[in-house]
Structures are given as C-alpha cells and as structure tokens.
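Below is one structure; the comments refer to it alone.
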Amino acid sequence: MPDTSSIKSRISKNVKSISAYSVPRIECSVKLDGNESPYDLESEEKIILSEWLTELPLNRYPDSEALGVRTSLSRKVDFPVDGILLGNGSDEIIQMVIEVLGGKSGCVLVPSPTFSMYGITSLILGKRIAEVALDKNFDIDVKPTLEMIHSEDPDIVFLATPNNPTGNSFSEEKVLEILDTSKGAVVVDEAYCDFSKKSYIDHIGEHENLLVLRTMSKIGFAGVRLGMLFACPQIVSEVNKARLPYNINSLSQRVMSFALENPGIVDRKIDLILSERERLRTELESIDAIHVYPTDANFFLVRVPDADFLFTELVKNDILVRRFKEKGRLANCLRVTVGTREENDRLTEALVGIFSS
Ligand SMILES: Cc1ncc(COP(=O)(O)O)c(C=O)c1O
C-alpha cells in the first residue's frame with residue numbers, strides 16, 4: 001500500500017474528529033432496523049412502473065429542476081412550486097440547508113437524542129453543535145432550549161417530529177414557541193409524518209424561518225432516494241444555490257411521478273403499517289421485560305434489561321433491529337421498525353422465547 005500520510009495530513013480537522021455514519025451489514029431475513037416500509041411494490045405495480053421507465057432516454061441528463069415532480073407535488077400538498085426543493089434523500093437537503101443557512105453564528109442546535117445526521121453533517125461543515133437534552137418524556141425541554149437559543153443564537157434548529165429514535169411527536173406549542181423565538185432557521189423534519197398525520201407545512205405562511213423536510217424513504221421508496229423541502233420561495237432559492245446540478249436522477253424522478261400519480265398504492269401500505277403498529281404495540285407491551293415508549297412513527301423505541309444480549313439473540317433468530325453505540329438516554333434501548341404481519345409475529349415469538357428461557 002502506498003504511503004498516504006501526506007494526503008492524510010491535509011484532511012480537514014472537522015472530518016478527522018468524527019466517525020462515518022455506519023450501517024452495520026448483518027444479513028437477516030427479518031429486517032427491522034432501518035425504519036423502511038416492509039412493503040415493496042406488488043409485481044403488477046412494478047410491471048406498470050417498468051413501462052414508465054422504458055420510455056426514459058437514459059443518454060440524456062435528467063430535468064435539472066425536476067419541474068414535473070415538483071409541480072405534481074405542489075398540487076398534492078397545495079404549496080407553491082417555487083417553495084419546493086428536492087434532494088437525493090432528505091440527508092442531502094440537510095447538508096444543503098447547513099451549507100447555506102449556517103453562516104452567521106456557526107451554531108446548529110439539536111435536541112438529544114435525535115437523528116444523528118444533523119450532528120455529523122454540521123461537524124463536517126465546521127459548525128458548532130449545541131445539544132439540549134429532551135425531557136423525561138422525550139419531548140422538547142423548552143426552558144433550556146430557549147435559553148440556548150438566546151445564548152448561542154443558532155443559525156439552524158433541527159426538530160424531527162416524530163423524532164428518531166424516540167418515536168414521539170413533540171408538543172406543537174413547544175415547536176411553535178421555538179419558531180417564534182429563533183432568529184435562525186427552524187427545520188421541522190417530518191420524515192415520519194405519514195404515520196403521525198401531523199404536518200407544519202401550513203405554518204410556513206406565518207413563519208418565514210420554518211423549513212419542512214419530508215422523505216419518500218419511510219413510505220416504500222427508500223431505494224429511490226428522494227427528499228423534499230418546503231419553505232418560503234425566497235429561502236428555497238438560496239438553498240437551491242448549493243444543490244448540485246441534476247441531483248435527482250431521471251429514474252428517481254419517474255418513480256416519484258409514478259408514486260404521486262398513484263396515491264392509493266402508497267396510502268394502502270401506510271394504513272397497513274398503522275394497523276400493524278397497533279398490533280405490535282399490544283404484543284410488545286404484553287412482555288414484562290420490555291418497556292415500550294409511545295410512538296407516532298413506524299417504529300418503537302424499547303428499553304430492555306440488556307440490549308446487547310437481546311440484539312445478539314435476535315440476530316441468532318434471523319431478526320435485525322437497531323442498537324445504539326451511544327449510551328446515556330439510550331442505554332439498553334433498541335429501535336424496532338414495524339414490519340409485515342409475518343415479520344412482527346416472528347419478532348414477538350422470538351422475544352417470548354428469549355425472555356422465557
Ligand atoms: C428524522 C429523519 N430525517 C431524515 C432521515 C433521512 O431520510 P432520507 O432517506 O430521505 O435521507 C431519516 C432516516 O432515517 C430520519 O429518521
């Protein structure tokens with residue numbers, strides 16, 4: 001191997017100090033670790049979609065502005081098309097937002113625990129993170145959050161509601177108080193809003209600092225990588241400057257148009273996940289060793305006597321859930337995505353077996 005020390009000495013110190021977002025590659029047939037939808041398109045739906053895809057000229061660049069998709073989205077959500085920006089997953093939009101709107105105090109405020117990419121991306125981009133612990137119910141702790149907003153003047157506050165990995169929605173009055181107080185941007189990340197049926201998009205009219213993020217990843221299209229930003233057109237046009245040309249490839253644009261034109265396909269699966277969520281909740285709550293936190297999302301945070309032991313035992317049963325490196329509030333917690341009926345049954349049977357042996 002060649003000597004890379006000269007190149008390595010030039011790596012930005014922001015990057016050196018952090019570890020990459022890692023997704024462990026453990027192969028299990030029951031995959032409940034990624035908060036994805038357990039339902040792929042049916043084979044007949046895939047055949048129809050493949051007809052849509054064969055029409056695409058793959059030798060040509062995609063529509064750089066993804067105008068067709070944004071126009072359909074604008075009609076669906078009843079929001080101006082110039083207030084919508086698409087990303088290669090909402091991860092990419094998080095990056096653009098920090099690049100563009102993180103330029104005054106250089107501080108990004110995040111509650112803890114929350115989705116790790118806000119922190120990772122902020123650090124890579126050389127921002128300072130201000131973390132405020134969530135309260136005992138994993139809701140926003142308003143007093144210290146407002147104090148931090150006053151003392152640090154964060155350029156951006158990230159609020160995922162429902163929050164990942166805790167699953168709960170934040171109280172609306174607390175979110176609105178933060179919006180009223182913050183002089184910087186407040187990103188309300190609605191990655192799981194299809195399961196909570198609550199959105200802040202209608203508040204954008206009266207809060208010019210509100211940016212709402214959504215994704216197709218949790219409702220059946222994680223492989224397509226499509227995230228959406230809704231905000232004031234004046235803010236979107238600035239964020240758009242950081243968008244790489246052609247960031248949404250033609251295949252993804254076509255799949256998104258297919259999903260938007262066939263809302264029944266997506267909605268039916270959301271309904272299935274919601275009814276499975278209630279069934280799984282009852283099953284999990286009936287196991288004494290497991291504490292189940294309330295959820296509005298497509299996953300449960302659970303606390304168990306020994307998370308590492310349970311994780312390993314579940315893998316032996318061919319079931320993958322999410323465990324956490326960081327301890328603190330998430331000590332002995334696991335995150336379990338709602339699967340299909342069969343997958344949820346396999347999970348509960350395995351749990352009953354593990355805890356009764
Ligand atoms: C709260 C939250 N925001 C954003 C994302 C990233 O979504 P995407 O797949 O659109 O990049 C996730 C993924 O788990 C998430 O939990």
Problem - Likely footprinting exposure, Phe158, Phe311, Phe195, fewest C-beta neighbours within 10 Å first - result: Phe311, Phe195, Phe158
Handout entry: Relative contact order (percent, whole number), region 56-262, Cα cutoff 8 Å, 6+ residue spacing
Key = 29
Fill in the blank from the handout: Scoring only Lys, Arg, Asp and Glu (+1, +1, -1, -1) among other residues with Cβ under 12 Å from the Cβ of Arg25 yields -1
Problem - Cα-derived Rg to Rh of region 211-257, Kirkwood definition - result: 1.00
Practice task
Specify which residue in the list Val30, Tyr61, Phe258 is farthest towards the positive end of the charge dipole of the chain, using unit charges on the beta carbon of Lys, Arg (+1) and Asp, Glu (-1), about the Cα centre.
Solution key: Tyr61
Exercise for the section: Taking each pair of different alpha-carbon atoms in region 56-262 once, compute 1/r for the pair, average those values, and report the inverse of that mean as the Kirkwood hydrodynamic radius in Å to one decimal. Expected result: 17.2
Handout entry: Assigned charges on the beta-carbon of Lys, Arg, Asp, Glu; the chain dipole about Cα centre (debye)
Key = 1140
Handout entry: Taking the chain and dividing mean pair separation by its residue count, relative contact order in percent (alpha carbons under 8 Å, at least six apart)
Key = 23
Exercise for the section: Please give every one of the lysines within straight-line cross-link reach of Lys104, meaning a C-alpha to C-alpha distance under 19 Å, and leave out same-chain neighbours fewer than 8 residues apart. Expected result: Lys127, Lys183, Lys241
Exercise for the section: Tell me what the chain gives for mean residue ellipticity at 222 nm when only DSSP H runs of n ≥ 4 count, each as -39,500 (n - 2.57), the sum divided by the residue total, rounded to 500 deg cm²/dmol. Expected result: -12000 deg cm²/dmol
Exercise for the section: Consider all pairwise Cα distances in the chain and report the whole-number % of them above 29 Å. Expected result: 44
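Laboratory data are not the source of any read-out in this text; all were calculated from the coordinates shown. Please read all numbers here as calculations on a predicted model, not as lab measurements. With ideal geometry, Cβ positions are generated from the backbone for all residues, glycine too; neighbour counts draw on all protein chains shown.
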